[in-house]
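A.B. asks: First the structure, then my questions, so here it is.
The values are calculated or read from the model by the stated rules, or taken from the named source; none is laboratory data. The structure presented is a predicted model; accordingly, all values stated were derived computationally and were not measured. Only protein heavy atoms, including side chains, enter the accessible area calculation; ligands, DNA and RNA are left aside. Shrake-Rupley method; radii C 1.70, N 1.55, O 1.52, S 1.80 Å.
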Amino acid sequence: MDKDLISVIIPVYNVAEYLDECISSVINQTYDNIEVILVDDGSDDGSAEVCDKWKERYNSIKVIHQINMGVAAARNAGIEYSKGNYIGFIDADD
């Protein structure tokens, strides 16, 4: 039986300090049929580069770069891009 795809959307805005730990915690879950969508919302602290670094390492990670429009717009961009049967949201600094 196929597992349902879960899309995990992470809005990213100037959270470079927390981002590696956040992404690592999602990638290391026991449920493995996930796509992680990182939405860089115009960060200027190196967060965009962190996102791209993770994307290079894992095929399940997608990155969207956009100008700063706020967390709601970042979440909506992630929803538009998602392919999952289910969608979850995580704040990068949690």
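A.B. asks: Assuming a ≥ b ≥ c are the square roots of the Cα gyration tensor eigenvalues, decide whether segment 34-81 counts as rounded (a/c under 1.5), prolate (otherwise, with a/b larger than b/c) or oblate.
C.D. replies: oblate
A.B. asks: What is the ratio of the Cα radius of gyration of the chain to 2.2 N^0.38 Å, where N is its residue count, to two decimals?
C.D. replies: Against the compact-globule rule of thumb, the ratio is 0.99.
A.B. asks: Follow-up question, since we're still on this one. If I stretch the segment between Glu56 and Asp44 completely, what's the gain in nm (0.36 nm per residue apart, minus their alpha carbon distance), one decimal?
C.D. replies: So the extension gain works out to 2.3 nm.
A.B. asks: Mind checking the per residue accessible area of the chain for me, 1.4 Å probe, whole number of Å²?
C.D. replies: 60
A.B. asks: Where the accessible area of the chain is counted over protein heavy atoms with a 1.4 Å probe, how much of it, in %, is carbon and sulfur?
C.D. replies: The nonpolar share, carbon plus sulfur, comes to 48 percent.
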